[in-house]
Amino acid sequence: MTVAVVLLTTAFVTVVALLAAACAGKLARMDNASYPTALTRAATTFVAVITLAAVVAGTLVALLT
């Protein structure tokens, strides 16, 4: 049961990070940014979402144990 929850949570966080990155890239392109700039903004957003999820998970583990 625990493995399933971890895998589903990981998949959910990855999908949310990809969607946020895609939105950031699209908004950058709509703002007339070049493709490399839009890709950089999308990558930065992806990394930020993954980092935030890791920090939240670490905090929850520390609080619950």
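Per residue, the chain reaches -32500 deg cm²/dmol at 222 nm when only DSSP H runs of four or more residues are counted, each adding -39500 (n - 2.57).
If R0 is taken as 30 Å, the Cβ-Cβ distance between Leu27 and Thr59 corresponds to a FRET efficiency of 0.55. Accessible surface for the stretch 24-64, divided over its residues, is 75 Å² per residue with a 1.4 Å probe. In the stretch 13-65, the portion of solvent-accessible area held by carbon and sulfur atoms comes to 77 percent [1.4 Å probe, whole percent, DNA, RNA and ligands not counted].
The values are calculated or read from the model by the stated rules, or taken from the named source; none is laboratory data. If you're wondering where the values come from, they're calculated on a predicted model, not measured in any experiment. Heads up, the Cβs are rebuilt from the backbone with ideal geometry, glycines too, and the neighbour counts pull from every protein chain shown. Remember, those area values only see protein heavy atoms, side chains included, never the ligands or the DNA or RNA. Shrake-Rupley method; radii C 1.70, N 1.55, O 1.52, S 1.80 Å.
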